[in-house]
Structures are given as C-alpha cells and as structure tokens.
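These notes concern the structure reproduced below.
No lab work stands behind these numbers, since they all come straight from the coordinates. Here the structure is a predicted model, which is why all the values come from computation and not from measurement. Don't worry about glycine lacking a Cβ; one is built from the backbone with ideal geometry, like all the others, and counts go over all protein chains shown.
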C-alpha cells in the first residue's frame, strides 16, 4: 500500500514553491522611491493624514501582520518631496506593528531600509495619533496604508470614518492602497449614501489573496466588500503589478506594488484643487 502522506507533502511543497515564485516575479518593481530626507526644507503645501493599523494577529498563523512598510515609505517619500507634511494616525493611537513579511529583503528598497534605520521615523511609528486628536480641517488629503491588519481595525472605526468624510466634504482627497482600501467601506456622503457607490475603485484582489496564501486568514473579502457597497471594482490583468484608479477625489491602489503610483496620483490631484 502506498503511503499517501509523503505524496501530499510533496504536492503542498510544490504549490508553496509556485506561489513563492509568482510573488517574486511580480513583486519586484524597478522604480525606486525618493531618498528619505530630501527636500525637507521646501515650503509646505499643506498636510496629508496617513492612516496605519494597530492590528498584528492572524487567527491561526504564527507570524504577524501589521503595516506593509513600503506602502507607507513610498508614499511618504514622494509626498515629502512634493512639499507636503504628514501626520500619522491609527485606530487606537500609539504603536504600529510592521508586517513581518514586508520586512523581507525582496520587498525592502534602499529608501525603506533607510527609514527602518532612522530612530526618529521609528519613533513616529511608535507614537501615532489617535482619531480623537485629529482636526480634519487641517488636512488636504487622507491616505490609508495597507497590510492585512487593516482588515480588522479600519472598517469599523467610527473616528476614522468621521475624519475621512469631513476631509472629503471639505474638498479633499480620500486615498487608500491595497488592504487599506477597506477603510473606505463605511464612508458615506452627505446624503448617507456609500461614498464609493457608483465610483471606480480598486483594492487587493481575490486572486492576490489566494496567491499570497492568506485567504483563509482574513475576516472578509475586500474585493467582494467593495462590490457589495456598489463600487465599480477594477483590477490589473496581471496580479501584483501596479494599478491605480482615480475617480475624481477618490484615489485607490490595488496592491503594494501600487504605492509609488498612488502617491504620484494623489499629489497630481491635489495640485488641481483650489
């Protein structure tokens, strides 16, 4: 009788190898973000509020989630170079965990490594503001970073919801990347209608969730959630490639590979506002 366990193990290892190869091929982006610290003396054009998760635990995995680092650093560098100041906020305030997988060498460019080595930047991640400390009138845009942790603490946070809605209603830009797009799910317009209803948006796709091996861990499907709220969901033909959707003052990016492109799109949109 043939022992089925070694055969099943071989199949599992082969599947894991293919997923890793796929992620390697499509996660490498040859464009580098700006060097941190450049253009810091330029006159400020205004402020952008950057949102990060406090959640780090998966239901059954032993590793930890949190902020996907380059979804912050790429946006931060480009916005800073353009002349914008940024404040960091999280659902609970305080420390922001870093997704362990996002710290692997394959995902870290020179800029991200420099930020990790910068004590003042790390201190900012340890001391983010709470929503009740934020005055939305001071911001021209809000940007939700990603990481799987956002699936737990972005959609149901009333403080972040009110901040985003006010920024939008005062003429600002609402933007999000990857799983951070979940922060847009509860937003409503002044008439109580879902803000993304009838709007073109993107976010981490179901196929990407499957390929990343985390589908069984997340509390819901982001792609399905966007569609259920009436959004016109769009995604790149090839998973894990940069893809950004702009619908007036709502700007969304599909995955970590989109973090530079969405930063550029937000800055470009802000330049058109009075």
*Could you calculate the contour length gain from residue 238 to residue 113, that is, 0.36 nm times the residue separation minus the distance between their Cα atoms, to one decimal place in nm?*
42.2 nm
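Nearest 5 percent is fine: what portion of the DSSP beta bridges confined to segment 123-274 is antiparallel? Show your work: numbers first, answer last.
Numbers: 5 of 15 bridges.
If we restrict to bridges inside segment 123-274, about 35 percent are antiparallel.
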*Output the relative contact order of segment 155-271, whole-number percent, from Cα pairs under 8 angstrom with separation of 6+ residues.*
29 percent
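For segment 43-270, what class follows from the C-alpha gyration tensor (a ≥ b ≥ c being the square roots of its eigenvalues): rounded when a/c is under 1.5, otherwise prolate if a/b is larger than b/c, else oblate? Walk me through the intermediate numbers first.
Working: a/c = 1.30, a/b = 1.03, b/c = 1.26.
Verdict is rounded for segment 43-270.
How would you rank 177-187, 206-216, highest first, on the average number of other Cβ atoms within 10 Å across their residues?
On the way: 177-187: 27.3, 206-216: 16.3.
Final packing ranking: 177-187, 206-216.
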*When only C-alpha pairs under 8 Å and at least 6 residues apart count, what is the relative contact order of segment 43-270, in percent?*
21 percent
*asked:* Cut-off is 10 Å between beta-carbons; in what order do 121, 204 appear when sorted fewest neighbours first?
replied: 121, 204
*Along Cα→Cβ, 7 Å out, is where each label goes; now give me the distance between the ones at residue 87 and residue 62 in nm to one decimal.*
4.1 nm
*Can you pull the one-decimal nm distance between simple spin-label points at residue 197 and residue 217, each 7 Å off the Cα toward Cβ?*
3.5 nm
